[in-house]
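A.B. asks: What follows is a single structure, and I will ask about it in a moment.
The values are calculated or read from the model by the stated rules, or taken from the named source; none is laboratory data. Nothing here was measured: the structure is a model prediction, and the numbers come from that model. Note: ideal-geometry Cβ built from the backbone for every residue, glycine included; neighbour counts use all protein chains shown. Just so you know, the surface numbers come from the protein's heavy atoms only, side chains and all, with ligands and any DNA or RNA stripped out. Shrake-Rupley method; radii C 1.70, N 1.55, O 1.52, S 1.80 Å.
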Amino acid sequence: MTGEDSPRARVKGRRALVTGGSGGIGTAIVEGLASEGADVAVQWYRNRAEADRMVEVVRKFDQEGIAVQADVLDSKSVIAMRDTLHEEFGKVDTLINCAGINRDSIFHRMTDAQWDEVINVNLSGVFHCCRAFVEEITASGHGRIVNISSLVGEMGNIGQVNYAASKSGMIGFAKALARELAAKRTTVNVVAPGFIDTPMVRKIPDGVKDKILNQIPMGRFGTPHEVAMSVIYLVSPEADYVTGAVLNVNGGMYL
Ligand code: NAD
């Protein structure tokens, strides 16, 4: 079944760029968008093979797909990605900011490098991508921007001062930009996942994982698919009037 023919083609006709589209959550978002009728550009940083695999997945839904390299912490690299997309894919109307890293450390031992890298990728990266694509997104008359933040940006977490600051920053950023772009019929929203079953979470030591599970009222980690479905909703016409919102996908861990 193609994305076009799907009875659930909720984002039909959209052209999306997913940063971090070769990561654990990003791949589910790419697949979700394509399965619901969107053409998708998959940004990759170091894992070209996985981005190429995702392009094949997009094409299986008879949607257009392309893999495009960029380092989001470098604004020049983001502009070069935009130029490549204009030549080889076209303009986008939807931007999903999913690229992100963590460099955890107990606060008094946190280095400048750990702080700078996390803020520069997670927060400045969103700035670079939004600024580079905002003109074409708003020109579409139905633009969508979704930032993938984290519940850690809402409730904090030991050892993650840098990550929490970057993820809270993504929320303030989205709210301010939502106000600026509302008159241009472009929405800017946030999805804040809790602990999702991905390599990032599988790295957590077992004892710590059990303690986390005890704090999740639903008693389980979320799936990348569950995060992707929230993104699809925010991109779909059903969410035309939703902007500046933070959609928690966390099994009740933070309310
Ligand atoms: P992941 O490590 O699998 O994916 C992260 C992606 O970001 C990768 O595709 C990587 O290539 C890309 N990336 C890293 N540095 C980059 C750079 N400098 N330039 C461009 N791209 C870069 O992680 P994930 O678990 O899939 O997480 C995806 C997003 O969701 C992240 O923003 C993360 O903070 C957020 N998140 C994850 C969880 C979770 O439980 N896994 C929970 C809440 C939020």
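A.B. asks: Hey, among Met110, Met155, which residue is open to solvent by 20 Å² or more (accessible area, probe 1.4 Å), among the hydrophobic types (A, V, I, L, M, F, W, C) and touching a residue at least 60 places away in the same chain (Cβ under 8 Å)? Quick ask: steps written out before the conclusion?
C.D. replies: Values: Met110 fails: touching a residue at least 60 places away in the same chain (Cβ under 8 Å).
Unique residue meeting the criteria: Met155.
A.B. asks: Every residue in the stretch 32-53 that is closer than 22 Å to Ser150 by Cβ and either within 13 Å of the ligand (Cβ to nearest atom) or part of a loop (DSSP other than H, G, I, E, B) (or both), please. Steps first, please.
C.D. replies: Keep residues of the stretch 32-53 that are closer than 22 Å to Ser150 by Cβ, which gives 32-33, 42-47, 50.
Once the filter is applied, which keeps residues that are closer than 22 Å to Ser150 by Cβ and either within 13 Å of the ligand (Cβ to nearest atom) or part of a loop (DSSP other than H, G, I, E, B) (or both), the stretch 32-53 yields Val42, Gln43, Trp44, Tyr45, Arg46, Asn47, Glu50.
A.B. asks: Mind telling me which of the residues Val30, Val92 ends up being in contact with a Lys or Arg (Cβ under 7 Å, 6 or more places away or on another chain) and in contact (Cβ under 8 Å) with a residue 12 or more places away in the chain?
C.D. replies: Answer to the check: Val92.
A.B. asks: To continue, here is another question. Only residues that are open to solvent by 30 Å² or more (accessible area, probe 1.4 Å) and within 15 Å of the chain's Cα centre (by Cα): list them for the stretch 125-149, please.
C.D. replies: Matches in the stretch 125-149: Phe127 only.
A.B. asks: Quick one: which helices (runs of 4 or more DSSP H) sit completely within the stretch 177-255 and have at least 1 residues that are in contact with a Leu (Cβ under 6 Å, 6 or more places away or on another chain)? Steps first, answer last, please.
C.D. replies: On the way: elements: 199-202, 206-214, 224-235.
Those helices (runs of 4 or more DSSP H) span 224-235.
A.B. asks: Same structure again: Scan the stretch 12-31 for residues that are over 13 Å from the mean Cα position of the chain (by Cα) and in a loop (DSSP other than H, G, I, E, B) and jot them down.
C.D. replies: Lys12, Gly13, Arg14
A.B. asks: Now for a separate question. Look at Thr198 and say whether it is more than 13 Å from the ligand (Cβ to nearest atom), surrounded by 14 or more Cβ atoms within 10 Å (Cβ to Cβ) and hydroxyl-bearing (Ser, Thr, Tyr).
C.D. replies: Taking the combined requirement at face value, the residue does not satisfy it.
A.B. asks: Of these, Arg82, Arg10, Arg15, which one is in contact (Cβ under 8 Å) with a residue 12 or more places away in the chain, within 15 Å of the ligand (Cβ to nearest atom) and open to solvent by 30 Å² or more (accessible area, probe 1.4 Å)?
C.D. replies: One residue alone meets the criteria, Arg82.
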